[in-house]
Amino acid sequence: MRVAKFLLLLVALGSATASAAYGSAEVSHFTLANGLEVVVVPDHRAPVVTHMIWYKVGAADETPGKSGLAHFLEHLMFKGTEKNPGDAFSRQVAEIGGQENAFTASDYTGFFQRVPRNNLKEVMALEADRITGLVLTDDVVRPELNVVLEEQNMRVANNPAARLSQQMDAALYLNHPYGRPVIGWRQEIERLDRNDALAFYRRFYSPNNAIVVVAGDVSVDEVKADAEATYGKVADRIESKPRRRPMEPAQEAARTVTLADFRVEQPSVNRDYLVPSETSAQTGESEALEVLAHVLGSGENCRLYRKLVVDQAIALNAGAFYAGTALDYAKFAVFGAPKPGTSLHQLEAAIDDILAEVIARGITADELERAKTRLIADAVYAEDNQASLARWYGSALATGQTVEAVRRWPDRIRAVSTDAVQKAARTWLDSRRSVTGYLVKSLQSEEKRS
């Protein structure tokens, strides 16, 4: 049960590969009578399947003042139903040699199992049961809240980089709930209880607010029959409505955040720009941002690494990425770690020079073609991971995209021009839409200073 754990991989590769499972043969998409969407991605190389259910609800859908509720409920979904009490779900998955886990993000919550193909219907029945059958008591809720608090302590409170990231998000989003951390603010997590979890569960967990993705050694006919026999028996219990959140006002001032901690081993400068997501972007915008991020910051031949690490020798590392898989907004990030003797502000100025050059002159035709070739090649190679196929389709549909949009991703990348990339840089690399974060080492711990 990790807070969007797998998204770290998608960020590392760029969200392009997160939408690039286009080559899979005969991908099918259908909807059951109760509103449940089902995607089937055949992969017959091994007799196993990855089964995932994605609920179109995440941290950005929480009631203000109750941050962390989506993630807390993710944990509680493993506490059993009347039909499968306690840890019966997990024991059955383990007994058939399967693996399971779950994740929460700002826009969705997901649960998955990887099992032998002959056990697909079994795990479908288990997941169908807990869509509406979750049973919660204070005896299981209270101890699990302590588990979540310990996770927050381990992953955030004791991690300076994670704390800086939270502070930057809070500064980047002036009005949108993406500014809340997925795991929640600690003082709000501490107050969550059984009633909060059940109300959230009943409000969002329903077949017509979910997507099932099955990737593996299956046929669409098999999956459809099994889905009808399991998920199809669960009645929808909510009204389907568009997901409307508070939107951002015009951003008119660059912001800076500094986090100092005695545990910091390597200072860094990090900047996030508020940009459109793959879902909210105009035609061609997200693809241009993807190529721009690759040219600027992916690999040792990118501009930032080549100029700052190799040519000027003022940085130990530098890069950029576009995290575009989201419903409303996305982030375009640049970052660098200075060499000893170089200050963060000197490195930041050098980064700004490189960005200004791209804004003024664009990228070269060679850079464009290399980026396109590499992005599409990375996507093709990534198709060897069955679980990634399921994740790519699930994350796309859960954030408002379509199966066809996923399949057409390489054609959209091929259509990107140098002019489109320069326009994206001019439009979106605007300091007024940004937060710059400095991670620095303090001389003493918070305890000593207090």
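The values are calculated or read from the model by the stated rules, or taken from the named source; none is laboratory data. Worth saying up front: this structure is predicted, and the values here are computed from it rather than measured. Here Cβ is always computed from backbone atoms with ideal geometry, including for glycine, and neighbour counts include all displayed protein chains. Just so you know, the surface numbers come from the protein's heavy atoms only, side chains and all, with ligands and any DNA or RNA stripped out. Shrake-Rupley method; radii C 1.70, N 1.55, O 1.52, S 1.80 Å.
For the chain, the Cβ-based charge dipole about the Cα centre amounts to some 700 debye (Lys, Arg positive; Asp, Glu negative; other atoms uncharged). Legend: calculated FRET efficiency, E26 to K121, from the Cβ-Cβ distance at R0 = 25 Å, rounded to 0.05, equals 0.75.
Accessible surface ranking for W392, W428, 1.4 angstrom probe, highest first: W428, W392. Measuring nothing but how far apart in sequence close Cα pairs (under 8 Å, 6+ apart) lie, relative to its length, region 187-287 scores a relative contact order of 24 percent.
With a simple spin-label model that places each label point 7 Å from the Cα along the Cα-to-Cβ direction, the separation between A349 and T137 comes to 6.6 nm.
Among W185, W409, the sequence by solvent-accessible area, most first, with a 1.4 Å probe is W185, W409. In the full protein assembly as shown, how much of L389 is accessible to a 1.4 Å probe, in Å² to the nearest 10? Counting only protein heavy atoms, the figure is 10 Å².
Taking amide H positions as modeled 1.01 Å from N, with prolines and chain starts lacking one, the residues under 5 Å from N317 and 5 or more places away or on another chain are A337. Taking amide H as placed 1.01 Å from N in the peptide plane, the amide H of T279 sits under 5 Å from that of A326, each at least 5 places away or on another chain.
Of the trypsin sites (Lys or Arg not before Pro) in region 346-450, the ones in a loop by DSSP (not H, G, I, E or B) with at most 14 other beta carbons within 10 Å are R408. Normalising the average separation of contacting C-alpha pairs (under 8 angstrom, six or more residues apart) by the number of residues puts the relative contact order of the chain at 25 percent.
Rounded to the nearest 10 degrees, the inclination of helix 220-229 to the longest alpha-carbon principal axis of the chain is 60 degrees.
Would you kindly find the accessible area of M154, with a 1.4 Å probe and non-protein molecules such as ligands, DNA and RNA excluded, rounding to the nearest 10 Å²? Solvent-accessible area, nearest 10 Å²: 110 Å². Helix 418-428: angle to the longest alpha-carbon principal axis of the chain, degrees 0 to 90, nearest 10? That works out to roughly 90 degrees. For helix 386-398, report the angle its Cα long axis makes with the longest principal axis of the Cα atoms of the chain; keep it between 0 and 90° and round to the nearest 10°. Result, in degrees: 90.
Listed values for region 31-36 are Karplus-derived 3J(HN,Hα) couplings in whole Hz (6.51 cos²θ - 1.76 cosθ + 1.60, θ = phi - 60°), namely 10, 6, 4, 8, x, 5, and x replaces Gly and Pro. Of K241/K331; K83/K331; K66/K372, which ones are farther than 31 Å apart at the Cα? Listed pairs above 31 Å: K83/K331; K66/K372. Anisotropy class assigned to region 264-394 is prolate, per the alpha carbon gyration tensor with a/c at or over the 1.5 cut-off and a/b larger than b/c. Residues within the reach of a label modelled at T63 (point 7 angstrom out along Cα to beta-carbon, backbone nitrogen below 20 Å), restricted to region 203-227, are 203-206. Database remark: amide H of S268 closer than 5 angstrom to the amide H of L439 (H placed geometrically; neighbours at sequence offset of 5 or more, or on other chains; Pro and chain starts carry no H).
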